[in-house]
Amino acid sequence: MGNMLSAIWSQPEDGSAPPLFSRIVAFTTVLLLISALFWFAFNQLQYGWNWGAVWQYRQKFLQGWLTTLLISAAALCLSLLISVFFALARRSRLLPLRYLSLLYIEVVRGTPLLVQILVFFYVVADAVGVSNRYAVGILTLALFAGAYLSEIIRAGIESVGESQLESAAAIGLTRLQTYRFVIFPQVVRRILPPLTGQFASLIKDSSLLSIIAVSEFTLNAQEVNAFTFSTLESYLPLAVGYLLLTLPISLFSRYLEQKYRYAT
Amino acid sequence: MSIANQPLLKLENITKRFKELTAVNGVNLEVSLGEKLVIIGPSGSGKSTLLRAINLLEEIEEGTISFEGREVGYVMRGGKRHPDRPQAISALRAEIGMVFQHFHLFPHMTVLGNVMEGPMTVQRKSAEEARTIALDILEKVGLADKRDVFPATLSGGQKQRVAIARALAMRPKLMLFDEPTSALDPELVGEVFDTIHTLADEGMTMIIVTHHMGFARELADRVIFMESGNFLAQGTPEELFSIAQDNERIRGFLNRLL
């Protein structure tokens, strides 16, 4: 009996993938245990659930969720461009570029996003005459995430090593060709896991744009709460909604990891 | 001087310093077409640095490099020397093959991908044409059957033969070997040695930096003994071995290797 159980629960000793049956059993068990824990906790609660009041505002949730989706997607693409630029600038032979990158990374990573959003919207954007809060929000979010991403990318480039740069140079590749065909494919494979985590953070950080009245998911949930006084009913959908945004990114990253896999 | 007599590579007064250390100290060298030159000497004598200076992986402080009678790598601007344009440097490297001690294959590409990369990206050949060239060369180094595997699955000797194939795919006029067998297990040295030997028999011009005396004895037209950034002695293998009888430093070095 004991042997049979350990055969179901354990990773095979030869390091091969566990059988599908084992994986399903293990995953379901863990899921059930966690669900039971929350089920128990919620049952202890003396709380008059009122989903009906919140259901009336379903349009508001949907609209907020879509806004968050669009803002995040735009900021994500923009932050990738920004971060590649600053990662390369950090390694540039031109010293001003290097210091610009260093300063950007340290200041952005070292200050609260909340303050950055306020300064960008009420000071910088105002000074240059931009009043679209969505555009400013996306740009601020992209700049914020870009600082973290560029350090991830830089570490990835450095982990590939000087020798690959040299051997690419030796067959006559230019610097640009070297990065495109030799360095980046290896970097992408290495940094996918931290990159995915950073993207999930970016999506959740977009909730801070509520302070400049961007009508995104979190702000809308707060409003529903203010109308209905049904706090849990207003915020629980928020958790599910953000999961629906972050899970596909995780799954896509797994897929890419498999695709770019090569023996090392 | 006719073109036939002109050296393929001419180095004049090459000097490379690393802070206080002078790695290469005013070296002069001419390599003619088809010549096989072997450079030996103790570790830190500057032989690898000299080799790397030839294809501009090391920037030199003084001296000139001429390839096919044309000065390369550096330009004078405002009385100071600067590295040439990146495109010009890449173009020179495309004509000079280099093989490293630790292979440095591209781990994310198959064997075939490694060999095709130069012809496709640098020489802008079609994938089909690059593939034909690459397969032909892999056949020559005896690794055609490994074309679809990734480098990580190869032995050290096989990796080095792929690295040689990668360099040959560019149809270089000169091949530089930087200790090509030093990172290999003893039983794998032979296959790489044989590959280089075949290449030498076909008339390839080559400079080999090595600790492996077989290269000096069996395929060198000329052997140079280098120490502290200088050429201490040079000649045919026989000449160098006879010089060694009178020169304690060279004799001591050779005795330790043999």
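Just so you know, all these numbers are worked out from the coordinates, no wet-lab data involved. Everything numeric here is computed off the predicted structure, so don't read it as measured data.
So what is the relative contact order for chain B, in percent, with contacts set as C-alpha pairs under 8 Å and at least six apart? Don't jump to the answer; show the numbers that get you there.
On the way: 464 pairs, mean separation 64.5, N = 258.
With pairs under 8 Å counted, the relative contact order is 25 percent.
The alpha carbon convex hull volume per residue for chain A rounds to 189 Å³. Here is how the number arises for chain B: DSSP H runs of 4 or more residues each give -39500 (n - 2.57), the sum is divided by the residue count, and the result at 222 nm is -11000 deg cm²/dmol. Expressed in units of 2.2 N^0.38 Å, where N is the residue count, the Cα radius of gyration of the stretch B:141-258 is 1.18. Using C-alpha pairs below 8 Å separated by at least 6 residues, the relative contact order for the stretch A:61-259 is 30 percent. Centre-to-centre, using Cα atoms only, the stretch A:161-228 and the stretch B:74-136 are separated by 31 Å. Of the residues B:156, B:214, B:78, the one that moves most in a GNM of chain B with alpha-carbon contacts below 10 Å is B:78. Note on chain B: GNM, Cα springs under 10 Å; of B:99, B:149, B:223, the largest mean-square fluctuation is that of B:149.
Report, in whole Å, the centroid distance computed from the Cα atoms of the stretch A:1-59 and the stretch B:144-217. Comparing the Cα centres of the stretch A:1-59 and the stretch B:144-217, I get a distance of 56 Å. Cross-link pairs exceeding 27 Å between alpha carbons, from the set B:36/B:80; B:125/B:146; B:16/B:80; A:259/B:140; B:16/B:36: B:36/B:80; A:259/B:140. Dimensions of the stretch A:146-264 from C-alpha coordinates, computed as largest minus smallest value along each principal axis and given longest first, are 68, 30, 17 Å.
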